[in-house]
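Comments concern the structure below.
Just so it is clear, none of the values below were taken in a lab; they were calculated from the coordinates. Only a predicted model underlies this, so the values are computations on that prediction, with no experimental measurement involved. Cβ placement follows ideal geometry from the backbone for every residue including glycine, while neighbour counts extend to all protein chains displayed.
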Amino acid sequence: MTRKTAFTTCLTMDAAFDPGKRATLGLMTSAALYAAFAPPLQAAEPRLRTYYVAAEEVEWNYAPDGREQMMGGEFNEDQKVFVEPGPSRIGSVYHKSRFIGYLDKDLTKKDESADPSNGILGPIFHAEVGDEIVVVFRNNTRMPASMHPHGVFYKKNSEGSMTNDGSSAADMADDHVPPGGTHTYHWQVPERAGPGPADPSSLVWLYHSHVDEVRDTNTGLFGAIIVTRKGEADADGKPLGIDREVFAMFSVMDENQSLYLDEMVAKLKKKPKGDDEEFEESNLMHSVNGFVYANMPMPVMRVGDNVRWYVMALGTEVDLHTPHWHGNTVLIGGHRKDVTELLPATTIVADMKPDNPGIWMYHCHVNDHIAAGMTARYQVVE
Ligand SMILES: [Cu+2]
């Protein structure tokens with residue numbers, strides 16, 4: 001059996017084993033070698049999933065309802081620390097950058113299809129294994145920005161971040177898109193960017209700006225990519241058989257690290273002193289999708305729906321989160337849970353088949369984070 005296999009290999013690769021051809025082969029590039037020996041490929045053009053995205057500056061309100069919504073009521077004194085404006089406190093409205101999805105290359109029609117609960121998240125990109133994601137990006141902010149994806153396949157001209165790697169200038173245009181600049185990113189979606197054997201039919205990857213990774217993400221420039229296993233996606237790249245996709249980003253957004261901190265401080269009536277630790281504390285926004293104290297618009301689902309939760313985190317050492325669903329349970333990697341674990345930049349897919357109608361809490365179970373507002377709600381209807 002071994003011998004037979006070896007013989008077959010020799011037949012296929014006979015030129016490679018012909019001593020007369022070795023010298024020539026030694027001079028051939030790997031591309032030429034591939035062309036010489038690879039069987040003719042069926043021209044399988046990848047399906048392109050093209051997305052138009054702009055980074056834009058916005059005024060973002062972490063608590064648009066102006067009240068605590070998990071229990072329902074006015075903010076108490078402890079909660080006001082994070083949301084009440086003052087002479088030297090920013091309050092709940094911060095100047096931020098966001099990724100905004102558009103339907104056309106001229107960026108005239110906003111893509112309004114995102115669920116309101118997605119909040120500050122950038123547009124969600126969907127793809128099926130075998131596709132290519134093309135992101136036509138325009139930076140309409142005053143700060144340089146980029147788009148760095150996790151998981152998918154990219155070359156150096158689409159990594160969206162600088163590395164000390166000897167890249168040419170052309171390969172660095174994606175690293176640092178200047179204000180007013182554009183760049184088109186090409187992200188291939190091979191098998192290794194899709195669900196593994198133990199994954200459900202789709203998984204979630206982050207993308208985010210990576211010019212100044214820490215400050216860019218705290219400023220609000222991040223979103224998610226959903227990759228569905230080949231043959232298990234609908235025409236839009238979404239997983240078949242899933243009635244509802246829900247997205248939840250848990251992050252202590254550190255506004256002290258915002259690209260716009262200085263100008264926000266400059267607008268305050270009274271400049272906080274350099275050692276004002278309470279000012280720094282007031283800028284730690286313990287948020288789900290950019291909302292605190294259950295101000296996130298509730299995702300709504302029906303009893304019996306197949307609901308897929310894509311749960312994510314970003315941040316630093318305080319960003320160890322334990323999202324907890326009241327009222328219903330989920331399956332994560334074949335395990336039944338009602339709490340899961342997140343660390344910065346990790347993602348989890350949780351499948352829920354709600355059997356319990358009502359409005360339910362969905363909150364981080366870390367005590368300090370509950371107190372600081374990392375809470376939300378979801379609704380199950382009959
Ligand atoms: Cu937490």
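Of the residues in the stretch 318-331, how many are in contact with a Ser or Thr (Cβ under 8 Å, 6 or more places away or on another chain), surrounded by 18 or more Cβ atoms within 10 Å (Cβ to Cβ) and of a type outside the set (D, E)?
Qualifying residue count for the region: 2.
Within the stretch 272-292, can you find the residues that are within 16 Å of Y94 (Cα to Cα) and either surrounded by fewer than 16 Cβ atoms within 10 Å (Cβ to Cβ) or of a type in the set (S, T, N, Q) (or both)?
Result: E280, E281, S282, N283, S287, N289.
Which ones in the stretch 274-293 are within 16 Å of the ligand (Cβ to nearest atom) and part of a loop (DSSP other than H, G, I, E, B)?
N289, G290, V292, Y293
For the stretch 232-269, name all the residues that are surrounded by fewer than 22 Cβ atoms within 10 Å (Cβ to Cβ) and either within 16 Å of the ligand (Cβ to nearest atom) or among the basic types (K, R) (or both).
Selection gives K238, R244, D254, K267, K269.
Which condition does A63 not pass, out of (1) touching a residue at least 40 places away in the same chain (Cβ under 8 Å); (2) under 27 Å from Y362 (Cα atoms); (3) touching a Leu at 6+ places or on another chain (Cβ under 8 Å), if it passes all the others?
That leaves (3) as the condition not met.
Report yes if some residue within the stretch 294-301 is within 16 Å of the ligand (Cβ to nearest atom) and assigned to a strand (DSSP E or B); otherwise report no. Let's see the steps before the verdict.
From the stretch 294-301, those within 16 Å of the ligand (Cβ to nearest atom) are 294, 296; that's our starting set.
Those still in the list that are assigned to a strand (DSSP E or B) too: none.
No, that holds for no residue.
Considering only the stretch 105-141, how many residues are free of Cβ contacts under 8 Å to residues at least 60 places away in the same chain and under 30 Å from T375 (Cβ atoms)? Before the answer, list the steps.
Pass one, the stretch 105-141, residues free of Cβ contacts under 8 Å to residues at least 60 places away in the same chain: 105-114.
Imposing the further condition that a residue be under 30 Å from T375 (Cβ atoms) reduces the set to 110-114.
Matching residues across the stretch 105-141 total 5.
Mind listing whichever residues of the stretch 299-338 are β-branched (V, I, T), touching a residue at least 40 places away in the same chain (Cβ under 8 Å) and closer than 16 Å to S202 by Cβ?
V307, V311
Among residues belonging to the stretch 311-334 that are in a loop (DSSP other than H, G, I, E, B) and more than 14 Å from the ligand (Cβ to nearest atom), point out the one that is nearest to S251 (Cα to Cα).
First pass over the stretch 311-334, keeping only residues in a loop (DSSP other than H, G, I, E, B): 314-320, 322, 326-329, 333-334.
Still in the running and more than 14 Å from the ligand (Cβ to nearest atom): 326-329, 333-334.
Details: H326: 20, G327: 23, N328: 23, T329: 22, G333: 23, G334: 26 Å.
The qualifying residue nearest to S251 (Cα to Cα) is H326.
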